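> Could you have a look at this structure, given as structure tokens, before my questions?
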Amino acid sequence: MIQLTSKVGGSTEENLGNLNHLNNFSKIDANYALALSNAENNSLELPQQDLNFKHTGTLSCRSNPCVNFGDEALEAKIQPGKGSKVNGFDSDAPKILIVDDHAASRMTAVALLAMEGYEVIEADSGSTAIELVTQKQPDLILLDVMMPGLDGFEVCQLLKQDEHTRLIPIIFVTALNDRRSRIRGIEVGADDFLSKPFDRVELAARVKSLVRQKRLNEDLDHAEQVLFSIARSIESRDPNTGDHCERLAKLGKAFGEYLNLSRNQIRDLMWGGYLHDIGKVGIPDSVLLKKGKLTPEEWNIMRQHVLIGEKICQPLRSMQGVIPIIRHHHERWDGSGYPDGLIGENIPYLAQVFQIIDIYDALTSERPYKLAFSPEEALAVMQEETAKGWRNPQLMQQFEEFIRNSKQQ
């Protein structure tokens with residue numbers, strides 16, 4: 001939400017707020033809050049009894065894990081019962097993809113990992129590995145460096161550049177003293193290295209550690225996607241704002257780069273574009289959907305959306321840089337904003353930056369109740385509000401220079 005202009009009477013927020021209503025969800029599944037909390041608790045590695053997960057199902061292993069070593073055969077059949085753990089993992093046995101053009105090397109790794117309870121998949125070339133990763137979605141890849149066609153470096157680079165496979169850990173298999181391969185592996189994104197011949201204890205420890213980390217990362221990634229899905233759902237139900245969130249993310253990136261902000265700060269600004277009004281999910285329909293002017297009591301309810309949004313995002317550590325934007329993007333430089341009435345530099349800097357781009361986008365966008373202002377008109381309105389004491393004068397000047405420079409490019 002935003003605080004607009006004296007030209008249309010009162011604050012921007014009050015003029016747009018009555019019309020800029022979002023349809024809230026009638027009910028939030030109680031499991032949503034639990035999922036966010038559990039994802040964060042997992043990253044802290046709390047005891048299992050403190051995590052309210054329920055695991056069922058039978059773990060499967062390699063269908064035919066019989067591996068011949070000369071005249072001897074090693075049979076590794078894993079048949080854990082329902083709800084049991086295999087190698088410390090619940091529900092399903094992690095999938096390990098072994099990529100090596102030498103059958104004997106694959107056979108050794110297959111035998112060792114099958115004995116540890118993993119489901120093992122094999123690939124004899126880089127191109128086959130790429131196909132299997134797409135089809136099977138393994139939890140970890142044990143990747144030989146030297147292979148005909150696509151070598152290990154190329155396979156790793158392709159997978160790490162793809163957003164759908166970048167979280168899969170990759171362990172490079174190298175010669176004992178192959179320093180050059182290890183350096184190249186680090187450059188293309190390898191997560192770890194193992195030397196031949198395999199040490200069973202070392203192999204098991206490295207695989208287990210990386211698979212656990214991958215699953216924790218996925219939990220956090222999924223929780224973040226839940227938040228963004230809710231935010232997009234809120235926006236899609238509002239006929240007034242169009243692609244407001246998408247525009248804010250792009251404008252936040254561009255202005256953040258202009259201000260020479262750090263990569264993480266720019267990311268937080270972009271995420272703030274999507275999540276700043278997520279708290280409206282908790283505002284009653286009678287307030288959000290009211291067509292007339294809101295009463296003072298209803299405005300008090302509406303203003304709770306920043307606090308609700310903060311609580312929704314609080315469980316995730318990855319959102320800690322976004323939370324100040326969510327809570328404080330309605331504060332004013334002179335202390336007349338909400339929810340805390342912060343004054344001047346007490347307002348978090350990213351919240352100040354975000355508020356300016358939020359207001360500018362609202363002014364320059366067409367709404368059912370107004371035409372889009374030109375950039376010059378929008379900047380004039382914002383300068384009027386700055387003169388009233390609502391904005392950071394220095395930041396407003398930087399934003400005006402940014403807009404004028406952008407127009408000239």
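> Can you tell me which of S336, S365 is over 22 Å from A254 (Cβ atoms) and small (G, A, S)?
S336
> In the list Q137, Q161, which residue meets the criterion of being of a type outside the set (D, E, K, R), in contact with a Lys or Arg (Cβ under 8 Å, 6 or more places away or on another chain) and surrounded by fewer than 17 Cβ atoms within 10 Å (Cβ to Cβ)?
From the options Q137, Q161, the qualifying one is Q137.
> Among the residues of segment 352-364, is any buried (at least 21 other Cβ atoms within 10 Å of the Cβ), assigned by TED's automatic domain parsing to the domain that holds M270, closer than 19 Å to I266 by Cα and of a type in the set (D, E, K, R)?
Checked against the condition, which is being buried (at least 21 other Cβ atoms within 10 Å of the Cβ), assigned by TED's automatic domain parsing to the domain that holds M270, closer than 19 Å to I266 by Cα and of a type in the set (D, E, K, R), segment 352-364 yields at least one hit.
> Please verify whether Q398 is over 29 Å from the mean Cα position of the chain (by Cα), closer than 23 Å to R267 by Cβ and not in a loop (DSSP other than H, G, I, E, B), treating the condition exactly as stated.
Judged against the criteria, Q398 is a match.
> Right, here's the next one. Please go through (1) over 21 Å from E400 (Cβ atoms); (2) not in a loop (DSSP other than H, G, I, E, B) for A351 and return the number of the only condition it doesn't satisfy.
(1)
> Which one of L363, L342 is closer than 23 Å to L275 by Cα and outside any helix (DSSP H, G or I)?
Among L363, L342, only L342 is closer than 23 Å to L275 by Cα and outside any helix (DSSP H, G or I).
> Just for segment 304-325: of the residues that are within 16 Å of the chain's Cα centre (by Cα) and assigned to a helix (DSSP H, G or I), which one is surrounded by the fewest Cβ atoms within 10 Å (Cβ to Cβ)?
Only one residue fits best here, namely R317.
> Answer yes or no as to whether I266 is at pLDDT 90 or above and either part of a helix (DSSP H, G or I) or among the basic types (K, R) (or both).
Against the criterion (at pLDDT 90 or above and either part of a helix (DSSP H, G or I) or among the basic types (K, R) (or both)), I266 qualifies.
> Something else now. Could you run through segment 367-389 and say how many residues are out of contact with any helix residue (DSSP H, G or I) (no Cβ under 9 Å at 6 or more places or on another chain) and in contact (Cβ under 8 Å) with a residue 40 or more places away in the chain?
Of the residues in segment 367-389, 2 are out of contact with any helix residue (DSSP H, G or I) (no Cβ under 9 Å at 6 or more places or on another chain) and in contact (Cβ under 8 Å) with a residue 40 or more places away in the chain.
> State whether the residues of segment 390-407 include one that is within 14 Å of G272 (Cβ to Cβ) and crowded, with 18+ Cβ neighbours inside 10 Å.
The answer is no; no qualifying residue exists.
> For segment 119-126, check the following and say yes or no: at least one residue is in contact (Cβ under 8 Å) with a residue 40 or more places away in the chain and surrounded by 18 or more Cβ atoms within 10 Å (Cβ to Cβ).
yes
> Just give me the residues in segment 151-194 being in contact with a Cys (Cβ under 8 Å, 6 or more places away or on another chain) and within 18 Å of V207 (Cα to Cα), in sequence order. Please lay out each step first, then the result.
Looking only at segment 151-194, we keep the residues that are in contact with a Cys (Cβ under 8 Å, 6 or more places away or on another chain), and these are 170, 172, 185, 188-190.
If the condition is that a residue be in contact with a Cys (Cβ under 8 Å, 6 or more places away or on another chain) and within 18 Å of V207 (Cα to Cα), then I170, F172, G185, G189, A190 are the ones that fit.
> When both residues are 6+ apart or on different chains and their Cβ atoms are under 7 Å apart, which pairs have a first residue that lies in segment 275-289 and is in the same structural domain as Q304 (by TED's automatic domain parsing), and a second that is among the β-branched types (V, I, T) and in a loop (DSSP other than H, G, I, E, B)?
Filtered contacts from segment 275-289: L275/V322; V281/I28.
> How many residues does segment 309-329 hold that are modelled with pLDDT under 85 and within 16 Å of L350 (Cα to Cα)?
Residues of segment 309-329 that are modelled with pLDDT under 85, as a first pass: 315-318.
Applying the additional criterion that residues be within 16 Å of L350 (Cα to Cα) yields 318.
Within segment 309-329, residues that are modelled with pLDDT under 85 and within 16 Å of L350 (Cα to Cα) number 1.
> So, one more: Taking only pairs six or more apart or across chains, which ones have beta-carbon atoms under 7 Å, a first residue in segment 77-106 that is at pLDDT below 55, and a second residue that is surrounded by 17 or more Cβ atoms within 10 Å (Cβ to Cβ) and assigned to a strand (DSSP E or B)?
Filtered contacts from segment 77-106: I78/V86; P80/V86.
Every residue, every condition in (1) acidic (D, E); (2) under 17 Å from N260 (Cα atoms); (3) modelled with pLDDT of 95 or more, yes or no:
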{"residue": "G344", "(1), (2), (3)": "no, no, yes"}
{"residue": "A362", "(1), (2), (3)": "no, no, no"}
{"residue": "A372", "(1), (2), (3)": "no, no, no"}
{"residue": "E384", "(1), (2), (3)": "yes, no, yes"}
{"residue": "L395", "(1), (2), (3)": "no, yes, yes"}
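> Still on this structure, please answer the following. Looking at E131, E163, E122, can you tell me which residue is at pLDDT 90 or above and either more than 22 Å from V110 (Cα to Cα) or out of contact with any helix residue (DSSP H, G or I) (no Cβ under 6 Å at 6 or more places or on another chain) (or both)?
E131
The values are calculated or read from the model by the stated rules, or taken from the named source; none is laboratory data. All figures in this text were calculated on a predicted structure; none of them were measured in a lab. Cβ: placed from backbone, ideal geometry, glycine included. Neighbour counts: every protein chain shown.
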